[in-house]
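Notes follow the structure.
The values are calculated or read from the model by the stated rules, or taken from the named source; none is laboratory data. Quick caveat: nothing in here was measured; it's all calculated off a predicted structure. So basically every Cβ, Gly included, is an ideal-geometry build from the backbone, and we count neighbours across all protein chains shown. Only protein heavy atoms, including side chains, enter the accessible area calculation; ligands, DNA and RNA are left aside. Shrake-Rupley method; radii C 1.70, N 1.55, O 1.52, S 1.80 Å.
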Amino acid sequence: MKKSLFTLFLIFGFTVHAKADNGEIPNFSLMFHTGVEETNGFISGDQPAAELGIWAGVGISNRFDGFFGVDYYTMPNAPLTLNGPATSLLPGYNNPGTFVVQPTDDVALSVNTRWYPFNDKWDYIHRRYNTSIYLLGGMGIDLLVDPPPPTSGSAPEEFPILTNNYEILFGMNFGAGIDFPLDNGQEVSFYTEGLDHLIFWQGLTQVFDGRFGIRFMLDTAHVDPFR
């Protein structure tokens with residue numbers, strides 16, 4: 001009996017050791033993407049144009065990931081008229097009227113969640129990521145660069161928030177994509193996705209974005225300087 005228990009103990013210990021040697025699931029991600037986007041709605045113009053982004057994330061579970069994203073969107077660089085009554089809550093605004101700006105660039109900072117609804121992202125048996133379809137959602141702020149056109153001069157005093165030539169606006173992300181693991185399926189993957197980025201201002205702007213990128217997956221040992 002003692003011999004049998006000792007044998008089971010050795011088998012259990014060997015199994016745990018073997019799993020430890022395989023390392024932990026790489027749950028930290030660094031993503032780089034580029035793509036083509038088109039703006040519609042309140043801010044619209046002749047496009048498509050270029051889009052770039054860098055995202056960093058962490059695994060929440062085998063069906064969810066969380067990401068902090070920094071994206072650059074090219075704005076149409078066309079004159080846009082703001083209506084005075086819609087900006088009547090601005091400090092120092094007294095008289096109704098309009099003002100023309102010209103959006104040129106947008107930097108979006110967002111917190112996002114990926115959901116893998118059809119399968120687990122990680123295969124515990126083969127210890128690799130699966131090819132997975134995902135849905136994406138998030139929200140954050142947009143730093144919209146919108147100086148007045150060269151012929152209009154500087155912003156008048158009744159529009160003080162425009163004198164810095166940029167706006168801080170609320171934004172949201174909705175999208176879907178697919179992740180394709182490369183090589184051993186543990187460290188690198190290719191992904192492609194479609195995104196609808198919403199910018200809320202005096203009217204709703206939709207930035208339709210088709211993009212592709214590369215994702216580097218790291219374990220704690222590669223991101224923790226104390227390990």
query: If you go through the stretch 27-60 one residue at a time, how many are touching a His at 6+ places or on another chain (Cβ under 9 Å), among the aliphatic types (A, V, I, L, M) and either under 24 Å from residue 101 (Cα atoms) or not in a strand (DSSP E or B) (or both)?
result: 1
task: Consider residue 74 carefully, then state whether it is modelled with pLDDT of 85 or more and either surrounded by fewer than 16 Cβ atoms within 10 Å (Cβ to Cβ) or polar (S, T, N, Q) (or both).
output: yes
query: Across the stretch 99-127, what is the total count of residues that are open to solvent by 50 Å² or more (accessible area, probe 1.4 Å) and modelled with pLDDT of 90 or more?
result: 7
- request: Under 8 Å between Cβ atoms, at least 6 apart or on separate chains: pull out the pairs that start in the stretch 102-124 with a residue that is within 16 Å of residue 75 (Cβ to Cβ) and touching a residue at least 60 places away in the same chain (Cβ under 8 Å) and end on any residue that is assigned to a loop (DSSP other than H, G, I, E, B) and open to solvent by less than 10 Å² (accessible area, probe 1.4 Å).
  value: 103/43; 103/75; 103/146; 106/75
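Determine, yes or no, whether residue 4 is outside any strand (DSSP E or B) and modelled with pLDDT under 95.
Answer is yes for this residue.
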- line: Of (1) at pLDDT 90 or above; (2) farther than 25 Å from residue 107 by Cβ; (3) among the hydroxyl-bearing types (Ser, Thr, Tyr), residue 151 fails just (1)
